[in-house]
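Peer 1: Take this structure, written in structure tokens, and hold onto it; I'll ask about it next.
None of the figures in this text is laboratory data; all of them are computed from the coordinates on show. For clarity, every value in this text was computed on a predicted model and none was experimentally measured. All Cβ positions, glycine included, derive from the backbone under ideal geometry; neighbour counts span all protein chains shown.
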Amino acid sequence: MTKVLVTGADGFVGKAVCRRLAESGYTPRAGLWKGELWPELQAATPGLSEFAVIGDLGANPNLNSALENVAAIVHLAARVHIMHDGTVDPLKEYRRVNVDGTEALAYAAAKQGVRRLVFVSTVKVNGESTSGRPFAEGDPPDPQDPYAVSKWEAEEALRSVAAKTGLEVVIVRPPLVYGPQVRANFLQLMKLVKRGIPLPLPDTKNRRSLIGVENLADVLAVCASHPGAANQTFMVSDGEDVSTRDLVAQLARALGHSARFLPVPEFAVRLAARLVGKEAAVNRLLGSLAVSSDKARQRLGWTPPVTLESGLAATARWYLESSRSFPQPKAVACS
């Protein structure tokens, strides 16, 4: 069977990708930064039977054995977005892993005869918000933080490697990813909703795109081999954009609660955010960030297999089953 290397296989998305590849008839190989992660990952991921220790992608990674007999790569490993980055030079650190490490992987893959590399980028390459219409692949890039800049530079580096070596590169830019085992801000939001805490969330009628982890895994598996994906960039989502208030209301229903909102006007929320230095967080909560996945639907014939309602319900079930082990929330912001 066709072998596909999945870097970052032990992560939230990586586990789902390995499962989906196995279900689709591929042999996924888990690319890990240390071998100690393998026993737990194998036990938790049906269909996963191979792994390779890559190490730190930004510091002389071990790639030769990981790439042996591999036809394609789904590249998820990255230095991820950090809300409060305390490093002296965040962009330098993002570039070390996300740009230099990705470029090194691509050159090594081409040298070993790998046919295709699927790179998971981010909607943040396009910008932080939309107005009037969703982002599409042809829009000019507008990355606004070190993480987004590094992802855009990694995309450019991959295009250069493809032009020089013939390696097929596929770039996928997802919005916020949710699903069972989600962490970070989405998990914090569920905690607040479950506790019934009234949220100061005015109804701004904003539109936000999301993608369930199973939908993202599915489209990445398609991109690993579909002829129409070669050297293309795709925006992907569940295809059901919602306002932040609608999202909270749907989560509340899935958790068996009613959503509770404080009757606070938008200008008051924004003023308070400005006074405490949280403007960016409130912009993410109240603003729009939508993407069009028309290109993936038309060129790949791809449709999300899981609806937003079903995806949120599955996420809520997982949370309710696991919530006893979670600490209580302190704050929340959307990304």
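Peer 1: What are the residues whose amide H is under 5 Å from the amide H of R29, where those residues sit 5 or more places off or on another chain and H is modelled from the backbone?
Peer 2: V4, L5, V6
Peer 1: Pick from R195, R96, R116 the residue whose mean-square fluctuation is largest in a GNM of the chain, springs joining Cα atoms under 10 Å.
Peer 2: R195
Peer 1: Could you tell me the ratio Rg/Rh of the chain? Both radii from Cα atoms, Rh via Kirkwood.
Peer 2: Numbers: Rg = 19.8 Å, Rh = 20.6 Å.
Dividing the radius of gyration by the Kirkwood radius yields 0.96.
Peer 1: Quick check for me: using +1 on Lys/Arg Cβ and -1 on Asp/Glu Cβ, what's the dipole size of segment 153-285 about its Cα centre, in debye to the nearest 20?
Peer 2: In debye, rounded to 20, segment 153-285 gives about 720.
Peer 1: Let me ask something additional. Using alpha-carbon pairs under 8 Å, 6+ residues apart, how would you state the relative contact order of segment 169-269 in percent?
Peer 2: It comes to 45 percent, rounded to a whole number.
Peer 1: Also, quick follow-up: Compare L220, L262, L41 in a GNM of the chain, Cα atoms joined below 10 Å, and give the one with the largest fluctuation.
Peer 2: L262
Peer 1: Return the long-range amide H neighbours of V170 (sequence gap of 5 or more, or a different chain), with a cut-off of under 5 Å between placed amide H atoms.
Peer 2: Residues meeting the criterion, in which the H sits 1.01 Å from N, are L117, V118, F119, N231.
Peer 1: Related question: Take each of the peptides 272-284, 301-313, 230-242, average the number of other beta-carbon atoms within 10 Å over its residues, and list them starting from the highest.
Peer 2: 230-242, 301-313, 272-284
Peer 1: Now, a different point. Which percent of the Cα-Cα distances in segment 147-213 go past 20 Å?
Peer 2: 56
Peer 1: Springs between alpha-carbon pairs under 10 angstrom, Gaussian network model over the chain: which of L286, L271, L105 fluctuates most?
Peer 2: L271
Peer 1: From the cross-link list K15/K151; K3/K34; K194/K295; K3/K151; K34/K124; K34/K278, which pairs have alpha carbons spaced over 32 Å apart? The partial results should precede the final answer.
Peer 2: Values: K15/K151 21 Å; K3/K34 20 Å; K194/K295 37 Å; K3/K151 26 Å; K34/K124 29 Å; K34/K278 37 Å.
Among K15/K151; K3/K34; K194/K295; K3/K151; K34/K124; K34/K278, the Cα-Cα distance tops 32 Å for K194/K295; K34/K278.
Peer 1: Can you give me the long-range amide H partners of L289? Hydrogens built in the peptide plane at 1.01 Å from N, cutoff under 5 Å, separation of 5 or more residues or another chain.
Peer 2: Correct list: T130, R207, R208, S209.
Peer 1: What full-extension length gain, to one decimal in nm, is calculated for L91 and A136 as 0.36 nm per residue of separation minus the Cα-Cα distance?
Peer 2: Full extension of this stretch gives 13.6 nm more.
Peer 1: Suppose each label sits 7 Å from its Cα in the direction of the beta carbon; what would the E240-A268 distance come out to in nanometres?
Peer 2: Simple spin-label model gives 3.3 nm for this pair.
Peer 1: Relative contact order for segment 1-45: what is it in percent, counting Cα pairs under 8 Å that are at least 6 residues apart?
Peer 2: 44
Peer 1: What percent does the relative contact order of the chain come to when contacts are Cα pairs within less than 8 Å and at least six residues apart?
Peer 2: Here the relative contact order equals 18 percent.
Peer 1: Treating only the Cβ atoms of Lys and Arg (+1) and Asp and Glu (-1) as charged, compute the dipole magnitude of segment 1-122 about its Cα centre; round to the nearest 20 debye.
Peer 2: Computed about the Cα centre, the dipole is about 380 debye.
Peer 1: Add -39500 (n - 2.57) for each DSSP H run of 4 or more in the chain, then divide by its residues: what number comes out at 222 nm, to the nearest 500 deg cm²/dmol?
Peer 2: The helix contribution divided over the chain gives -11500 deg cm²/dmol.
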